[in-house]
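Each remark here refers to the structure printed beneath this line.
The values are calculated or read from the model by the stated rules, or taken from the named source; none is laboratory data. Since we're looking at a predicted model, the values are computed, not measured. Please note: Cβ atoms are built from the backbone with ideal geometry, for glycine as well, and neighbour counts cover all protein chains shown. Surface areas here come from the heavy atoms of the whole protein model, side chains and all, with no ligands, DNA or RNA. Shrake-Rupley method; radii C 1.70, N 1.55, O 1.52, S 1.80 Å.
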Amino acid sequence: MLSYKAPIKDIKFLLEDVFDYYGHYGKIPEYEEATPDLVDAIMEECAKFCEGELLPLNQSGDKEGCTFNEGKVTTPKGFKEAYQQYVDGGWQSLSHPEGYGGQGLPSSLGMVKSEMMGTANWSFAMYPGLSHGAMNTIHEHGTDEQKELYLTKLTEGVWTGTMCLTEPQCGTDLGQVKTKAEPNDDGSYNISGTKIFISAGEHDLTDNIIHIVLARLPNAPAGTRGISLFIVPKMQTDEAGNVGEHNNVTCGSIEDKMGIKASSTAVLNFDEAKGYLIGPENKGLECMFTFMNTARVGTALQGICAAELAYQNSLLYAKERLSMRSLTGKKFPDKVADPIIVHPDVRKMLMTQKAISEGGRAMIYYAAKIVDQIDVAKTDEEKQIADTKLGFITPILKAFLTELGLESANHGLQIFGGHGYIKEWGMEQIVRDTRIATLYEGTTGIQALDLLGRKILLSRGRSLKDFSYEVLSFCKDKSMISSNPHKRQMNKFIWPLSKAIANWQQYSFRLALKAKNNRDFVGSASVDYLMYSGYIVMAYMWAQMAQSAYEKLAGDVENRDFYRAKIKTAEFYFEKMLPRTKSLAATMMADPKTLMQLDEELFSFL
């Protein structure tokens, strides 16, 4: 059976020492209640719920899966009771506005909660997770009446939400959306069409589900310029939120999936379902990006959840599994063989898992602070600055961390050997559950095109310049003797990081020049460029963690081994993982002609 203990020590290290969350909260009047004592209490209680209630349902939920019968979906045994505990515990309302029944705590604290839940049971976490994006979209673009009706119920958790984007014919190309929206005299719209791959689209956890749906108005422009956004509840409701008749939203089937089997992925049919416009006409895709960016950061978190769960279980197994002797002599002569953790290859996989989970967690929590800044921005300019910063790193977070999460999961299965391939240990489930993370909310390739095509080339690299300035300022500060007593120890991180940032800027400029002459360079280089960028961003996180660890060790601190381990893991990352950028640089700068020169009919001779 899978094991999980919430990594509270590591989370607190990031909140308190690396990113100074309490200084950050202290500058925001809305978050003055987020004191260390309160946050610690929340984390402890959340850990208990996740370890005691959600984890035991992880493998049983995978084995049972969701069941479909005449349009109704039943979640696995224990899910409905666990969801009620989740609602009763106030977890859904934790980081939502007080005006709609929330507790008003920071979004970044909600991310801590989401990490624990997602690691303990990703399938379960998806049900309330989809609600979060729907709530953000309604809060950002809805009318006051829409906010009062829907946000109150969604915040309480008695209703859940979804995002309904794609259809059978369009996949990622949402310009092909065909769902129709016909206006009614009362200001509502009749929504008709079919949506696929709708996570949490139908279930038995709540009596109503609020769907956020892309559809076309009559005579709307073709392509993405003619898409509008609508709120379509599963059940019709009155102004007081009382649930009435069925709203002609039916579940046609649920997908028989590779993983996340306890999360229902529905095909939804809208047959003149009553919907309500949210945001301006024909601006639905722009409004939906509020939802999509939220979902993409949440999906990035799935990569870290998988990495953490795989690492914790791999480490336990590697300490206990006996096989062969160490190459440098017996380490446990009283045993028939040494534990496999003594072998360098196993160590490499474990250290890689550790570097991914802890470095990725830092990337997520770095982004979570920016989300807080967006939430409390007082002016449009403040909000735009923070939103642009988050928009730059979002594709890196989503694609890079899910790819590395899958790598960590595969390392876990490998460490378990043949036992990893057997269901009872749970390692193969982590691999299956995690595989989808590189696909939904925009594949790695889509995220890569967004990063290189839009965030770098179209904006002429402004966001990269801003991020580079931040990193180089950190490097300059930590390399000055007067401001950093740990200068000598930090040089092994500062100089490689500074060089990597300079190379990142140079390669970006060179790709821009190449793309002017051949647009295929963008598609050819984009995924390698994104992964290249991700390793540098994670290096920045590890450099910050190493600096914080040195600072703690310079004082009178307990658990000194924790901080020593941070430094040693940072050294591993810089020596064994950051060099991956060298091969990525070579491939991303290579001419795309070898990709494009083979004629289609020559791909196969069957």
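Annotations
- Residue match in the stretch 126-137 (condition: under 26 Å from ASP372 (Cβ atoms), at pLDDT 95 or above and open to solvent by 10 Å² or more (accessible area, probe 1.4 Å)): yes
- Selection count where residues are within 19 Å of PHE392 (Cα to Cα) and touching a Lys or Arg at 6+ places or on another chain (Cβ under 8 Å), scope the stretch 286-343: 4
- Comparison of GLU239, GLU272, GLU245 shows that the only residue that is free of Cβ contacts under 8 Å to residues at least 24 places away in the same chain, out of contact with any Lys or Arg (no Cβ under 9 Å at 6 or more places or on another chain), open to solvent by 50 Å² or more (accessible area, probe 1.4 Å) and not hydroxyl-bearing (Ser, Thr, Tyr) is GLU245.
- Residue identified as among the charged types (D, E, K, R), touching a residue at least 40 places away in the same chain (Cβ under 8 Å) and crowded, with 17+ Cβ neighbours inside 10 Å among LYS465, LYS455, LYS492: LYS455
- Number of residues in the stretch 275-308 that are without any contact (Cβ under 8 Å) to a residue 60 or more places away in the chain and either in a helix (DSSP H, G or I) or of a type in the set (Val, Ile, Thr) (or both): the value is 2.
- One residue stands out in the stretch 190-205 among those that are in contact with a Gly (Cβ under 8 Å, 6 or more places away or on another chain) and surrounded by fewer than 23 Cβ atoms within 10 Å (Cβ to Cβ): the one that is farthest from LYS261 (Cα to Cα), namely ASN190.
- None of GLN489, GLN447, GLN505, GLN547 is in a helix (DSSP H, G or I), more than 27 Å from THR569 (Cα to Cα) and polar (S, T, N, Q) except GLN447.
- Of all residues in the stretch 541-571 being open to solvent by 40 Å² or more (accessible area, probe 1.4 Å) and not charged (D, E, K, R), the one that is nearest to ALA362 (Cα to Cα): ASN559
- Residue check, PRO280 under 30 Å from GLY391 (Cα atoms), of a type outside the set (S, T, N, Q), modelled with pLDDT of 95 or more and surrounded by fewer than 15 Cβ atoms within 10 Å (Cβ to Cβ): yes
- Pairs with Cβ under 8 Å, 6+ apart, first in the stretch 25-40 and within 17 Å of VAL112 (Cα to Cα) and at pLDDT below 95, second in a helix (DSSP H, G or I) and open to solvent by less than 60 Å² (accessible area, probe 1.4 Å): none
- Among the numbered conditions (1) out of contact with any Phe, Trp or Tyr (no Cβ under 8 Å at 6 or more places or on another chain); (2) over 25 Å from GLU156 (Cβ atoms); (3) surrounded by 13 or more Cβ atoms within 10 Å (Cβ to Cβ), the only one that PRO97 does not meet is (2).
- GLY442 being within 30 Å of PHE509 (Cβ to Cβ), in contact (Cβ under 8 Å) with a residue 12 or more places away in the chain and crowded, with 20+ Cβ neighbours inside 10 Å: yes
- The numbered conditions (1) in contact with a strand residue (DSSP E or B) (Cβ under 7 Å, 6 or more places away or on another chain); (2) in contact (Cβ under 8 Å) with a residue 60 or more places away in the chain; (3) surrounded by fewer than 17 Cβ atoms within 10 Å (Cβ to Cβ) are all true for LYS9 except (1).
- Selected residue (only one of GLY391, GLY412, GLY418 is of a type in the set (Gly, Ala, Ser), more than 16 Å from GLY118 (Cα to Cα), part of a helix (DSSP H, G or I) and open to solvent by 40 Å² or more (accessible area, probe 1.4 Å)): GLY418
- Filter pass, SER498 being under 28 Å from the mean Cα position of the chain (by Cα) and either modelled with pLDDT of 95 or more or small (Gly, Ala, Ser) (or both): yes
- Once the stretch 48-72 is narrowed to residues that are in contact with a strand residue (DSSP E or B) (Cβ under 6 Å, 6 or more places away or on another chain) and touching a residue at least 12 places away in the same chain (Cβ under 8 Å), the residue that is most open to solvent (accessible area, probe 1.4 Å) is PHE68.
- Selection count, the stretch 194-226, where residues are free of Cβ contacts under 8 Å to residues at least 60 places away in the same chain, touching a Lys or Arg at 6+ places or on another chain (Cβ under 7 Å) and part of a loop (DSSP other than H, G, I, E, B): 1
- In the stretch 149-164, of all residues being among the aliphatic types (A, V, I, L, M) and part of a helix (DSSP H, G or I), the one that is nearest to LEU268 (Cα to Cα) corresponds to LEU154.
- The listed residue being touching a strand residue (DSSP E or B) at 6+ places or on another chain (Cβ under 6 Å), aliphatic (A, V, I, L, M) and at negative phi, out of ALA125, ALA134, ALA82: ALA134
- Total residues in the stretch 129-185, condition small (Gly, Ala, Ser) and farther than 14 Å from GLY201 by Cα: 5
- CYS251 meets all of the listed conditions (1) open to solvent by 40 Å² or more (accessible area, probe 1.4 Å); (2) out of contact with any Cys (no Cβ under 9 Å at 6 or more places or on another chain); (3) over 23 Å from MET116 (Cα atoms) but one, namely (1).
- Positions within the stretch 277-292 being over 15 Å from GLY161 (Cα atoms) and not polar (S, T, N, Q), in sequence order: LEU277, GLY279, PRO280, GLU281, LYS283, GLY284, LEU285, GLU286, CYS287, PHE289
- Considering the stretch 73-86, the residues that are touching a helix residue (DSSP H, G or I) at 6+ places or on another chain (Cβ under 8 Å) and open to solvent by 30 Å² or more (accessible area, probe 1.4 Å) include one that is nearest to ASP433 (Cα to Cα), namely LYS77.
- GLY252 vs. criteria over 24 Å from the mean Cα position of the chain (by Cα), farther than 20 Å from LYS80 by Cβ, of a type outside the set (Val, Ile, Thr) and assigned to a strand (DSSP E or B): yes
- Counted residues, the stretch 227-249 - those being in a loop (DSSP other than H, G, I, E, B) and in contact with a helix residue (DSSP H, G or I) (Cβ under 6 Å, 6 or more places away or on another chain): 2
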